[in-house]
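Asker: Here it is, the structure, as structure tokens.
The values are calculated or read from the model by the stated rules, or taken from the named source; none is laboratory data. The model shown is predicted, which means the values in this text are computed figures rather than measured ones. So basically every Cβ, Gly included, is an ideal-geometry build from the backbone, and we count neighbours across all protein chains shown.
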Amino acid sequence: MKNLKYGILALSLCLGITSIQAQDKADFMSKSDSSYEENQMEKMREALDLSDKQIQAIEAIKAQRAEEKAELKEMLRRIKEEERKEIESIYTDEQRAKAEDMRAQRRELMEQRRAEMREREAEREFQRRKIDQKREKR
């Protein structure tokens, strides 16, 4: 019985960690989606030798699906939140407090990682601008 409790606790913590990590990644990705999408579109254009007309058609399709995808993301977020609450309902008060401390630590770590990623992205953008300026001078 004791092993079952520890197994449930471990599984719950893993699910909670995975859920938070996925949400953190989704939050970060949503902030950088536009540049990611632009990069992907440019890669597709080059790799597949797409015409402007094809690019416009692809962008129209993506725009049509954007709202549907946003709704699905919100639905998944709600499901994960409900799951987390259900799992936490079986915790003791002590376990719930410990789980919250762990979530707080993960949030702090993820914020640090996001800050580092923003710094790296800013540095890359700075380097790109320097290269562009050098090209313009030629």
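Asker: Out of curiosity, is GLU111 surrounded by 10 or more Cβ atoms within 10 Å (Cβ to Cβ), assigned to a helix (DSSP H, G or I) and modelled with pLDDT of 95 or more?
Answerer: Numbers: surrounded by 10 or more Cβ atoms within 10 Å (Cβ to Cβ): yes; assigned to a helix (DSSP H, G or I): yes; modelled with pLDDT of 95 or more: yes.
Yes, satisfied.
Asker: Which count do you get for residues in region 89-129 that are farther than 21 Å from TYR36 by Cα and among the basic types (Lys, Arg)?
Answerer: The number of residues fulfilling the criteria is 5.
Asker: For region 56-76, state whether one or more residues are closer than 19 Å to GLU37 by Cβ, touching a helix residue (DSSP H, G or I) at 6+ places or on another chain (Cβ under 8 Å) and not basic (Lys, Arg).
Answerer: Yes, there is a match, as at least one residue in region 56-76 is closer than 19 Å to GLU37 by Cβ, touching a helix residue (DSSP H, G or I) at 6+ places or on another chain (Cβ under 8 Å) and not basic (Lys, Arg).
Asker: Out of the residues in region 49-59 that are assigned to a helix (DSSP H, G or I) and loosely packed, with under 10 Cβ neighbours inside 10 Å, state the one that is modelled with the highest pLDDT. Give the derivation first.
Answerer: Step one: list which residues in region 49-59 are assigned to a helix (DSSP H, G or I), which gives 52-59.
Now drop any that are not loosely packed, with under 10 Cβ neighbours inside 10 Å, which leaves 52-53.
Details: ASP52: 91, LYS53: 94.
The extreme case among them is LYS53.
Asker: Working only within region 80-108, note down all residues that are exposed (fewer than 10 other Cβ atoms within 10 Å of the Cβ) and not in a helix (DSSP H, G or I).
Answerer: SER89, the sole residue that qualifies.
Asker: Additional query: Assess whether ARG84 counts as being under 30 Å from GLU37 (Cβ atoms) and either at pLDDT below 95 or touching a strand residue (DSSP E or B) at 6+ places or on another chain (Cβ under 9 Å) (or both).
Answerer: Details: under 30 Å from GLU37 (Cβ atoms): yes; either at pLDDT below 95 or touching a strand residue (DSSP E or B) at 6+ places or on another chain (Cβ under 9 Å) (or both): yes.
Answer is yes for this residue.
Asker: Looking at the structure I just gave you, is ALA70 free of Cβ contacts under 8 Å to residues at least 40 places away in the same chain and hydrophobic (A, V, I, L, M, F, W, C)? If you could, list the steps in order and put the result at the bottom.
Answerer: Details: free of Cβ contacts under 8 Å to residues at least 40 places away in the same chain: yes; hydrophobic (A, V, I, L, M, F, W, C): yes.
It is true that ALA70 is free of Cβ contacts under 8 Å to residues at least 40 places away in the same chain and hydrophobic (A, V, I, L, M, F, W, C).
Asker: Pairs needed: first member in region 102-130, farther than 27 Å from GLU88 by Cα; second member anywhere, surrounded by fewer than 10 Cβ atoms within 10 Å (Cβ to Cβ); C-beta distance under 6 Å; at least 6 residues apart or different chains.
Answerer: none
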